[in-house]
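A.B. asks: Quick one: the structure is below, questions incoming.
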Amino acid sequence: MSATASPAGLVRDAIPTDAREIATVHVATWQHAYAGLLPEDFLAGLDVNQRAENWHRRISDPPDRGFVLVYEQLGRIRGFASGGPSRDADVGGEVYAIYVDPSCQGQGAGTRLLDAAARSLADAGFTEASLWVLADNHPSRRFYESCGWRCDLTQKPFMFGDGQSAPEIRYVTRLTSAVS
C-alpha cells in the first residue's frame with residue numbers, strides 16, 4: 001500500500017521500528033475498549049514489551065498476502081490495522097485487528113484504517129472479508145455497521161488468559177479492487 005496523507009494524519013505500511021508504538025496503542029485500546037467486557041486483572045496484566053516483540057515479528061515476516069498498517073498523526077502512531085487470509089479457512093481475507101488510541105477515536109482514523117485494510121485485502125485478490133468483534137462490544141459493532149460491514153451471526157469463543165473466553169461475532173463485507 002502506498003502512504004496517503006491528509007491534514008488529519010497518514011495511513012501507511014508499518015515498519016519494524018513501529019512495533020513498540022503499535023504495542024502501546026494495542027494495550028491502551030484493549031484496556032479502554034474491553035473494560036467491563038474482559039476481567040480487570042487480565043487487562044491490567046497486558047504487557048507492552050511482549051506485544052512489541054509480537055508486532056516486530058509480524059511486521060518483519062508477514063504472512064503471505066498479510067499486512068500491518070498504521071495511522072500516524074503528528075509523528076506518532078495513533079492506530080493500526082492488520083489482516084491477511086482468513087484464519088477460519090474461508091476463501092476470503094480477514095481484518096485481524098484494528099485499534100485506534102482512545103484519545104483519537106471519533107476523528108476518522110478508524111474509518112481510514114478500515115478502508116485501507118479493505119483495499120489491501122482487495123489488492124491481494126480477496127473478494128470478501130471478515131473480522132471478529134466481541135459480541136458485547138456495541139460501540140465497535142456500530143462502527144463496523146456504519147462502515148457497511150454486516151453481522152452474519154457466526155459466533156465463536158475468544159480465548160484469553162488461562163482458558164477464559166468471551167463470545168465473538170463475525171462481520172463480513174464484499175470487497176472491490178481499485179485495479180480492474
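The values are calculated or read from the model by the stated rules, or taken from the named source; none is laboratory data. Everything numeric here is computed off the predicted structure, so don't read it as measured data. With ideal geometry, Cβ positions are generated from the backbone for all residues, glycine too; neighbour counts draw on all protein chains shown. Note: accessible area is taken over every heavy atom of the protein model, side chains too, but ligands, DNA and RNA are not part of it. Shrake-Rupley method; radii C 1.70, N 1.55, O 1.52, S 1.80 Å.
A.B. asks: Within segment 53-71, is even one residue of a type in the set (Val, Ile, Thr), surrounded by fewer than 16 Cβ atoms within 10 Å (Cβ to Cβ) and over 25 Å from residue 156 (Cβ atoms)?
C.D. replies: There is no residue in segment 53-71 that is of a type in the set (Val, Ile, Thr), surrounded by fewer than 16 Cβ atoms within 10 Å (Cβ to Cβ) and over 25 Å from residue 156 (Cβ atoms).
A.B. asks: Then there's this: Identify the single condition in (1) more than 24 Å from residue 58 (Cβ to Cβ); (2) touching a residue at least 60 places away in the same chain (Cβ under 8 Å); (3) within 15 Å of the chain's Cα centre (by Cα) that residue 141 does not satisfy, given that it satisfies every other one.
C.D. replies: Result: residue 141 passes all but (2).
A.B. asks: Also: Every residue in segment 146-165 that is out of contact with any Phe, Trp or Tyr (no Cβ under 8 Å at 6 or more places or on another chain) and assigned to a strand (DSSP E or B), please.
C.D. replies: Kept after step one, since they are out of contact with any Phe, Trp or Tyr (no Cβ under 8 Å at 6 or more places or on another chain), are these residues of segment 146-165: 146-148, 153-155, 157, 159, 162-163.
153, 154, 155, 157, 159 - these are the residues of segment 146-165 that are out of contact with any Phe, Trp or Tyr (no Cβ under 8 Å at 6 or more places or on another chain) and assigned to a strand (DSSP E or B).
A.B. asks: What is the number of the single condition among (1) assigned to a strand (DSSP E or B); (2) among the acidic types (Asp, Glu); (3) more than 17 Å from residue 96 (Cβ to Cβ) that residue 168 does not meet?
C.D. replies: With (1) assigned to a strand (DSSP E or B); (2) among the acidic types (Asp, Glu); (3) more than 17 Å from residue 96 (Cβ to Cβ) applied to residue 168, the lone miss is (3).
A.B. asks: Give me the residue from segment 1-27 that is assigned to a loop (DSSP other than H, G, I, E, B) and open to solvent by 20 Å² or more (accessible area, probe 1.4 Å) and, out of that set, modelled with the highest pLDDT.
C.D. replies: Here the residue is 15.
A.B. asks: Do you know which residues across segment 28-47 are over 13 Å from residue 77 (Cβ atoms), open to solvent by less than 50 Å² (accessible area, probe 1.4 Å) and part of a helix (DSSP H, G or I)?
C.D. replies: We begin by selecting, within segment 28-47, every residue over 13 Å from residue 77 (Cβ atoms); these are 30-47.
Of the ones still in play, those that are also open to solvent by less than 50 Å² (accessible area, probe 1.4 Å) are 30, 33-34, 38-39, 42-43, 46.
Of everything in segment 28-47, those that are over 13 Å from residue 77 (Cβ atoms), open to solvent by less than 50 Å² (accessible area, probe 1.4 Å) and part of a helix (DSSP H, G or I) turn out to be 30, 33, 42, 43.
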